[in-house]
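The values are calculated or read from the model by the stated rules, or taken from the named source; none is laboratory data. What you are looking at is a predicted structure, and each value in this text was computed from that prediction instead of being measured. Cβ placement follows ideal geometry from the backbone for every residue including glycine, while neighbour counts extend to all protein chains displayed. What goes into the accessible areas is simple: the full protein's heavy atoms, side chains included, and nothing from ligands, DNA or RNA. Shrake-Rupley method; radii C 1.70, N 1.55, O 1.52, S 1.80 Å.
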Amino acid sequence: MVYNKISHSGIVESIGEDCVRVRILQTSACAACKVSGVCHAAESKEKIVDVFNVPDTSGLHVGDQVVVCASQDVARRALLLGFGLPLLLLVVVLLSTLHVTSHEGKAALAALLALVPYYGLLYLFRNSIRQKLSFYLE
């Protein structure tokens, strides 16, 4: 059976005009293991997720149990924007600068500095990205 969505149970923290904030418990894959209490390798963290464009918030109250979902396509796009493209940019700038200058220190610094405008652009376009990478309540 193929699942095409990612979902987490959570508790409504606050309800705003355009946003519902939900607290979820994010666990690692081994957190569900029977021996995770003894192993100490299992991790779990509480995260706050903002869910925008909720059509009807009249039935929601702070403290309600809800399910926050996102499609796998949204997860893939988020990973690509957050990790894939920056890694590619880092490697390309590192190798090209190293090829031109033959100085490892300058190449490493140039590669790291190349990430500043990338993340700056992500910040500038955060509202349009939010529309494409959004969660929904089930």
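The table that follows gives values for the structure above.
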quantity: Hz values of 3J(HN,Hα) by residue in the range 46-58 - Karplus curve (6.51, -1.76, 1.60), Gly and Pro given as x; calculated: 8, 10, 9, 10, 8, 10, 9, 6, 6, x, 9, 9, 5
quantity: Nearest-10 value in Å² for the accessible area of F83, using the 1.4 Å probe; calculated: 150
quantity: Solvent-free Debye scattering, log10 I(q)/I(0), computed from the Cα coordinates of the range 69-138 at q = 0.15, 0.18, 0.29 Å⁻¹; calculated: -0.59, -0.73, -1.19
quantity: Helical segments meeting 18 Å axial Cα length and Kyte-Doolittle -1.0 threshold in the chain (DSSP H); calculated: 85-101, 104-124
quantity: Taking the C-alpha atoms of the chain, convex hull volume expressed per residue in Å³; calculated: 173
quantity: Nonlocal Lys pairs with alpha-carbon distance under 22 Å, the chain (8 or more apart, or different chains); calculated: 5
quantity: Mean Cβ count within 10 Å, highest first, over the residues of peptides 100-107, 63-70; calculated: 63-70, 100-107
quantity: Anisotropy class of the range 41-90 from Cα gyration tensor, a/c 1.5 cut; calculated: oblate
quantity: Cβ charges +1 (Lys, Arg) and -1 (Asp, Glu), total dipole of the chain, debye; calculated: 400
quantity: Pairwise label distance in nanometres, F52 with A75, each label 7 Å out on the Cα-Cβ vector; calculated: 2.2
quantity: Peptides ranked, highest mean first, by Cβ atoms within 10 Å: ranges 48-54, 84-90; calculated: 48-54, 84-90
quantity: For the chain: relative contact order, % (alpha-carbon pairs under 8 angstrom, 6 or more apart); calculated: 27
quantity: Distance between modelled label sites at L121 and L109, nm, 7 Å Cα→Cβ extension; calculated: 2.4
